[in-house]
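Okay, so here's the structure we're looking at.
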Amino acid sequence: MSLRRCRLYLITPPEIADIAAFSRALDEALDAGDVASLQLRLKSRDGVSAPDSQILELGRHIIPRAQDRGVAVLVNDRPDLAVELGADGVHIGQGDMPYAKARKLMGQDAIVGVTCHDSRHLGMEAGEAGAEYVAFGAFYPTGTKDPKAKAELELLTWWQQMMELPCVAIGGITAENARPLVEAGADFLAVSAGVWRADEGPGEAVRRFNAVFDELAT
């Protein structure tokens, strides 16, 4: 069981055609229950990022909505755009900008999170470098991206027992399959389709996630 109450880490859909419609869906999600953070990620399944202009346009619409509700906003891969948009931080993958460079661009007060796939070693390296969190996954099959690794639940348990640094579980997570990840020790669950494509709508999906978190909190 998690030592802390797990929290929700939302990730935007990989493609957003109608910013106004998504903004309404985002409002519904954020007003439905506790959400710790929102990652702005416009990237296709095969890893192709949207043009900077699209990222900036979306960011200018949604970052104030989230920050006004006390939700931290991170930009995927791009510290330069995160700074321009006034985001709270950046999330970087292993193939993206090195942590040290991202930290230099973002400043010491910003959040910098790092993808660590299924690797304890990468997680420890990120923690030693100064990351605010590490992200492990994919734990379940996902249609959002082609994962480079399949992570096991025991990784979360080991991390929670050995490390103080928060860990994020990612990959195909829904309200239906969230429980084992929380019980294993995830501090945050990173969710995209599990909220935005939920049959019951994003607001009800957020409520269902939080019901699981509340039930399992110590």
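No value in this document is a laboratory result; all are computed from the given coordinates. These numbers were taken from a predicted model, which means no experiment stands behind them. Methodologically, a virtual Cβ is constructed for each residue, glycine included, from the backbone with ideal geometry; neighbour enumeration extends over all protein chains shown.
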#### Entry: Evaluated at q = 0.07, 0.16, 0.18 Å⁻¹: base-10 log I(q)/I(0), Debye formula over Cα of the chain
-0.18, -1.08, -1.41
### Message
Below 8 Å between Cα atoms, with a sequence gap of 6+, how large is the relative contact order for region 8-61 in percent?
### Response
47
### Among G201, I63, L105 - extreme Cα towards positive end, dipole of the chain, charges at beta-carbon
L105
#### Entry: Qualifying lysines (Cα of each under 20 Å from Cα of K148; at least 8 residues distant if same chain)
K43
### Task
Using a cut-off of 11 Å between beta-carbons, work out the net charge of the residues near M106 (Lys and Arg +1, Asp and Glu -1, M106 not included).
0
### Task
With an 8 Å cut-off on Cα pairs and a minimum separation of 6 or more residues, tell me the relative contact order of region 72-213 in percent.
15
### Query
So which aspartates and glutamates can K104 reach, going by Cα to Cα under 18 Å and dropping same-chain residues fewer than 8 places off?
D77, D80, E84, D88, D96, E125, E128, E132
### Message
Once you keep just the Cα pairs under 8 angstrom separated by 6 or more residues, what percentage relative contact order results for region 66-149?
### Response
21
### Task
Please give the length that would be gained between Q94 and R4 if that part of the chain were fully extended, namely 0.36 nm times their separation in residues minus their C-alpha to C-alpha distance (nm, one decimal).
29.7 nm
### Task
Could I have the simple spin-label model distance between R179 and D31, label points 7 Å from Cα toward Cβ, reported in nm to one decimal?
3.1
### Summary
Ordered by number, the trypsin sites (Lys or Arg not before Pro) in region 45-77 that occupy a DSSP loop and have at most 14 other Cβ atoms within 10 Å are R45, R69
### 10 Å binning of all Cα-Cα separations within region 6-114, expressed as whole percents from 0 upward
15, 49, 32, 4
### Query
Which of the helices in the chain meet the span-like rule: DSSP H, Cα axial reach of 15 Å or more, Kyte-Doolittle mean at least 1.6?
none
